[in-house]
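*Asks:* Here it is: the structure, laid out below.
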Amino acid sequence: MFPDVALDRFAARIRALPERRRALTWRLIRIGLALVAGAGTALAHPPFGLLFGLLGYPLLMILSERSDTTRGAFWMGWLAGFAYFFIGCWWVAEAFFVNPEQAWMAPFAASLLPAGIGLFWGAACALYRRFAPIGVVRVLLFAALFCAAEWLRGHVLTGFPWNPAGATWRAGGGMSQFASVVGVYGLSLVTVAATAALAPLVGPGAPRSRLISAGLGVLALVSVGVFGAVRLAQADLQFTDTLVRLVQADVKQETKWSPEAYRSIVDRYVALTGQPGARVPDVVVWPEGALPASANEVFASTDATAIAGALRPGQTLLMGLARGEADLTAPGGGRYYNSLFALADEGGPGLRIAAVYDKHRLVPFGEYLPLGSVMTAIGLRSLVHMPSDFTAGPTPAPIQIPGAPPAQILICYESLYPGFTPGAAGRPDWIVNASNDAWFGATSGPRQHLNLASYRAIETGLPIARATPTGISAMIDPWGRIVDGQRLDPGVMGVIDAPLPRPTGVTPYGRLGDWPFLAALLAAALAGLWPLILRTRVPRIGQ
């Protein structure tokens with residue numbers, strides 16, 4: 001018996017209720033199901049890993065097409081999106097508890113963010129309902145419109161590509177490996193289409209075609225899993241001669257700002273940097289914003305001498321610091337950058353600044369205020385922890401690191417974005433992800449950030465050295481797996497001395513980027529619309 005038979009019986013019972021009670025009951029049921037669809041898909045992501053939650057995608061498709069109006073479908077999508085992003089992004093509220101004076105903003109941050117980006121889901125469902133597609137191929141149209149909205153979410157107004165559907169699969173596992181071909185957005189299209197293919201089981205149509213739809217969906221997921229298993233079975237993990245030390249000082253964000261804490265933090269990083277090991281590391285990586293001071297202040301103080309004393313000749317320190325520079329054309333007479341410095345110890349006094357990377361993709365409401373002058377005028381400048389907005393650096397490009405292969409730097413939030421690392425021409429040998437997940441405490445945020453960042457390794461075939469103040473720091477191989485034993489969990493102070501893995505050959509995604517995904521998106525949309533196109537072209541009798 002198809003599931004729709006049982007649902008029809010349930011619907012008959014609802015129709016037997018008095019009219020007003022019936023209307024209210026249907027509305028509450030639809031609202032509840034939309035919230036369940038969004039919550040289910042969110043809980044399928046790491047660290048929760050409840051993969052049966054992927055059934056939320058076919059449920060959302062059914063709710064959209066059974067809405068009486070386009071507006072009704074929009075609200076179904078928006079409610080599902082709100083639940084999805086509330087569960088996936090509630091940890092943003094944690095950052096506002098760092099400063100007790102800002103704690104009152106936490107509930108607004110936790111609710112306004114999902115309310116805003118949930119609009120993308122609402123728009124996708126409304127457009128799907130507006131087309132009113134027919135036949136089982138409508139699954140492809142739903143997946144295409146949904147994933148087009150997700151791609152836009154990752155690009156509009158600099159984008160917020162947190163937890164795309166493709167990242168449901170744990171990075172480094174078999175299902176995640178298909179991202180090496182089509183990227184995380186392409187994997188999203190496969191994931192949504194394959195799971196939504198179960199939706200025709202509940203609805204009209206020939207039983208045979210409905211079963212074929214569900215079977216093809218299952219076959220697609222199995223095929224992706226087999227591809228990943230084969231790729232991992234053929235993985236040949238090799239290491240270079242470069243030894244990288246990742247420093248995790250376990251400095252809580254809320255404890256950083258007093259003069260006494262500053263002295264302790266410097267001493268802790270210096271001690272960990274100079275800690276004896278079996279071999280002297282070639283590169284030492286500190287996390288983003290390691291010291292609660294600007295580069296200008298650190299380099300002009302005795303702290304620079306202490307840091308230099310922890311290094312040995314030939315070593316390079318990658319240190320995340322904010323920096324400022326004078327600019328009379330900028331508000332306040334200066335510009336601020338969130339930067340990572342490559343500091344080389346060449347045996348002489350002090351350290352040489354060998355390279356500087358300035359963060360390109362800034363966090364809205366964290367590192368800059370959209371409509372900053374308006375926000376300042378109404379007193380919301382306190383949301384940003386600098387006297388002025390950070391300035392975005394140039395388009396990301398690899399830097400040369402003394403004593404090590406060239407690397408692409410991705411500072412914190414930038415590791416969410418596919419395509420920031422050259423995949424072919426100008427390709428580096430590794431990625432350095434200096435992050436500051438201390439803002440989000442012991443929440444799901446740091447764990448999801450690790451999963452998302454690891455997809456950049458799968459897409460590019462490059463290893464990732466990831467350093468954070470409080471965890472999770474790790475050496476990630478080119479298949480998105482954490483190298484055995486090379487991980488420091490939240491709340492742990494220590495170092496990882498890890499040999500740098502060799503990159504794989506250039507991946508298909510590295511060569512082609514998102515173009516295969518965009519082509520597949522267009523093909524899926526046309527296939528889903530094809531029955532409608534044919535219906536409009538059939539001549540009427542007598543014409």
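We did not get these values from a lab; they are worked out from the coordinates using the rules stated. All figures in this text were calculated on a predicted structure; none of them were measured in a lab. Glycine gets a Cβ as well: all are built from the backbone with ideal geometry, and neighbour counts include every protein chain shown.
*Asks:* Could you grab the relative contact order for region 239-512? Cα pairs under 8 Å, six or more apart, rounded to a whole percent.
*Replies:* 22
*Asks:* Return the inverse of the average 1/r over all pairs of distinct C-alpha atoms in region 425-510, which is the Kirkwood hydrodynamic radius, in Å to one decimal.
*Replies:* Kirkwood radius, region 425-510: 13.1 Å.
*Asks:* Something else now. Quick one: net charge of F85's neighbours, Cβ under 12 Å, K/R +1, D/E -1?
*Replies:* 0
*Asks:* If one takes the longest principal axis of the Cα atoms in the chain, at what angle in degrees, from 0 to 90 and to the nearest 10, does the Cα axis of helix 106-131 lie?
*Replies:* Its long axis makes an angle of about 40 degrees.
*Asks:* Output the peptides 475-485, 48-58 sorted from most to least packed, where packing is the average of other Cβ atoms within 10 Å over each peptide's residues.
*Replies:* Answer by packing, highest mean first, reads 475-485, 48-58.
*Asks:* Give the angle, between 0 and 90 degrees and rounded to the nearest 10, that separates the Cα long axis of helix 56-65 from the longest principal axis of the Cα atoms of the chain.
*Replies:* Helix 56-65 sits roughly 50 degrees off the main axis of the chain.
*Asks:* Further question on the same structure: Among the DSSP beta bridges whose two residues both lie in region 239-512, what percent are antiparallel, rounded to the nearest 5?
*Replies:* On the way: 31 of 49 bridges.
About 65 percent, rounded to the nearest 5.
*Asks:* Using the alpha-carbon atoms, what tilt in degrees (0 to 90, nearest 10) does helix 207-233 show relative to the longest principal axis of the chain?
*Replies:* Around 20 degrees separate the two axes.
*Asks:* log₁₀ I(q)/I(0) of region 280-375 at q = 0.13, 0.17, 0.23 Å⁻¹, via Debye over equal Cα point scatterers, no solvent, to two decimals?
*Replies:* -0.52, -0.80, -1.24
*Asks:* Report, in debye and to the nearest 20, how large the dipole of the chain comes out about its Cα centre when Lys and Arg carry +1 and Asp and Glu carry -1 on their Cβ.
*Replies:* That gives a dipole near 2740 debye.
*Asks:* Oh, and also: Please work out, to two decimal places, the log10 of the ratio I(q)/I(0) at q = 0.09, 0.11, 0.15 Å⁻¹ from a Debye calculation in which every Cα of region 95-250 carries one identical scatterer.
*Replies:* Treating every Cα as an identical point scatterer, log10 I(q)/I(0) equals -0.46, -0.64, -0.96.
*Asks:* Tell me, what is the percent relative contact order of the chain, built from C-alpha pairs under 8 Å that lie six or more residues apart? Walk me through the numbers on the way to the answer.
*Replies:* Details: 1112 pairs, mean separation 85.5, N = 543.
This gives 16 percent for the chain.
*Asks:* Moving to a separate point now. Report Rg(Cα)/(2.2 N^0.38 Å) for the chain, keeping two decimals.
*Replies:* On the way: Rg = 25.6 Å, N = 543, 2.2 N^0.38 = 24.1 Å.
Taking N as the residue count of the chain, the ratio is 1.06.
*Asks:* Continuing with this model, one more query. Quick check: the distance between the Cα centres of region 383-448 and region 151-183, to the nearest angstrom?
*Replies:* About 17 Å separates the Cα centre of region 383-448 from the one of region 151-183.
*Asks:* Find the centroid of the Cα atoms in region 206-239 and in region 309-330, then give the distance between the two in whole Å.
*Replies:* 47
*Asks:* Each label point is 7 Å from the Cα along the Cα-to-Cβ direction; what then is the distance between the points at T302 and V230, in nm?
*Replies:* Calculated label separation equals 6.4 nm.
*Asks:* Take every Cα pair under 8 Å in region 436-543 that's 6+ residues apart, average their separations, divide by the length, and report that relative contact order as a whole percent. Let's see the in-between values first.
*Replies:* Numbers: 126 pairs, mean separation 21.6, N = 108.
Answer for region 436-543 is 20 percent.
*Asks:* Also: Farthest toward the dipole's positive end in the chain, which of S339, I411, L35, given Cβ charges of +1 (Lys, Arg) and -1 (Asp, Glu) about the Cα centre?
*Replies:* Result: L35.
*Asks:* How big is D for region 239-512, in µm² s⁻¹ as a whole number, if Stokes-Einstein is applied with the Kirkwood radius of its Cα pairs at 10 °C and 1.306 mPa s? Intermediate results must be reported in sequence, preceding the final value.
*Replies:* On the way: Rh = 18.9 Å.
My calculation gives 84 µm²/s for D.
*Asks:* Choose one of F82, W104, A326: the residue whose Cα lies farthest towards the positive end of the charge dipole of the chain (beta-carbon charges +1 Lys, Arg; -1 Asp, Glu; about the Cα centre).
*Replies:* The residue sitting most towards the positive pole is F82.
*Asks:* Cβ neighbours within 10 Å, averaged per peptide: list 125-133, 82-90 in order, most packed at the top.
*Replies:* My ranking of the peptides, most packed first, is 82-90, 125-133.
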